[in-house]
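Scroll down for the structure; my scribbles are underneath it.
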Amino acid sequence: MLGSPGAGKGTQAAILSDYYHIPHISTGDIFRQNLADNTALGQRARDFMNQGVLVPDDVTEAMVADRLSQPDTANGFILDGFPRNIAQGHALAAMLAERHVPLHGVIYIAVAHDLLVKRLVGRRVCAECGAGYHVEFDPPKVVDVCDRCGGKLIQRADDLPETVETRLKVYQEQTAPLIGFYREQGVLVEVDGAQSVDAVTRSIVHKLEALH
Ligand code: AP5
Ligand code: ZN
């Protein structure tokens, strides 16, 4: 899944993971879990994440390689938040080649800047199960309570307005070049992410199936 912070990568990856019965691997979620558990990895990632900049490539790539070695990836997987720059794109190619796994498609979710800011500052996540909500676009039935598990909804530390601007800038400078990188490889699937969640999902599935 490729796209700016707030484009809806996590939302769509969770739906596609259920639909295709393959794991959703989010580097951001793995980092946040390590932060919550206060592991050595979490401690290394904390300052970078809170500032809204990328965690160093060596740390991120080692973490992804380790995750791809788990047995649940045997029938495929959805990567969300990785790769995040051209160097990580090359690292992923090497990891896939080593495992004899083809890259089927890169789903690029396009959303305009103003809408991204609105989505990010209004996002809430469940502290217990990680489910995502939005105060305006996808509110829970009871304010600040998770519909699925009754857990408390919180705001991510990097969803404060100043950090959001940094993340969007980092995306433009470092991640957006991957769009051309994958388009040249003929694997890019581009969808309009400003539509409803369901319409975005339908568009992704339709275009992915047309690709092969
Ligand atoms: P990460 O967790 O990957 O964050 P991100 O890329 O900034 O992406 P987001 O989770 O903010 O957005 P999303 O596209 O998943 O949107 P969502 O579906 O939640 O990374 C966090 C940090 O970790 C990075 O800054 C970095 O420090 C580090 N990191 C992670 N990976 C790394 C890597 N590879 N290398 C180095 N560092 C790395 O949707 C957003 C909101 O909009 C939600 O509220 C949702 O409900 C709502 N919404 C979604 N879709 C729709 C829709 N169609 N209509 C209306 N509302 C919608
Ligand atoms: Zn929950």
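The values are calculated or read from the model by the stated rules, or taken from the named source; none is laboratory data. Keep in mind the model is a prediction, meaning the values are calculated, not measured. All Cβ positions, even for glycine, are placed from backbone atoms using ideal geometry, and neighbour counts span all protein chains on display. Ligands, DNA and RNA are stripped out before the accessible areas are found, and what is left, the full protein with its side chains, is counted by its heavy atoms. Shrake-Rupley method; radii C 1.70, N 1.55, O 1.52, S 1.80 Å.
Points worth noting:
- Pairs with Cβ under 8 Å, 6+ apart, first in region 45-58 and at negative phi and among the polar types (S, T, N, Q), second assigned to a helix (DSSP H, G or I) and open to solvent by 40 Å² or more (accessible area, probe 1.4 Å): N50/A157; Q51/T166
- Of the residues making up region 37-84, those that are charged (D, E, K, R) and not in a helix (DSSP H, G or I) number 3.
- Qualifying residue in region 88-95 (condition: outside any helix (DSSP H, G or I) and either open to solvent by 50 Å² or more (accessible area, probe 1.4 Å) or closer than 18 Å to T27 by Cα (or both)): no
- In region 116-138, the residues that are within 6 Å of ligand 1 (Cβ to nearest atom) reach residues that are polar (S, T, N, Q) and open to solvent by 50 Å² or more (accessible area, probe 1.4 Å) with C-beta atoms within less than 7 angstrom, at least six apart or across chains, in these pairs: G132/T11.
- Test for N34: is it assigned to a loop (DSSP other than H, G, I, E, B) and either within 28 Å of D18 (Cβ to Cβ) or open to solvent by 70 Å² or more (accessible area, probe 1.4 Å) (or both): no
- Pair list, Cβ under 9 Å, 6 or more apart: region 176-188 residue under 11 Å from P83 (Cβ atoms), other residue open to solvent by less than 40 Å² (accessible area, probe 1.4 Å) and among the hydroxyl-bearing types (S, T, Y): L178/Y108; Y182/Y108
- Boolean, G28 is away from ligand 2 (no atom under 16 Å from the Cβ) and at positive phi: no
- Matching residues, region 114-130, being part of a loop (DSSP other than H, G, I, E, B) and surrounded by 18 or more Cβ atoms within 10 Å (Cβ to Cβ): none
- Taking residues in region 144-161 that are within 12 Å of ligand 1 (Cβ to nearest atom), and partners anywhere that are of a type in the set (G, A, S), the pairs with Cβ atoms closer than 7 Å and at least 6 places apart or on different chains are D158/G52.
One line per residue, one yes/no per condition, for (1) modelled with pLDDT under 95; (2) farther than 17 Å from V189 by Cβ:
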{"site": "G52", "(1), (2)": "no, yes"}
{"site": "G76", "(1), (2)": "no, no"}
{"site": "I86", "(1), (2)": "no, yes"}
{"site": "L92", "(1), (2)": "no, no"}
{"site": "A97", "(1), (2)": "no, yes"}
{"site": "D114", "(1), (2)": "yes, yes"}
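For (1) more than 16 Å from ligand 2 (Cβ to nearest atom); (2) β-branched (V, I, T); (3) open to solvent by 20 Å² or more (accessible area, probe 1.4 Å), each residue gets a yes or a no:
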position: E98; (1), (2), (3): yes, no, yes
position: G105; (1), (2), (3): yes, no, yes
position: A112; (1), (2), (3): yes, no, yes
position: P140; (1), (2), (3): no, no, yes
position: L168; (1), (2), (3): yes, no, no
position: D192; (1), (2), (3): yes, no, yes
position: S196; (1), (2), (3): yes, no, yes
position: K207; (1), (2), (3): yes, no, yes
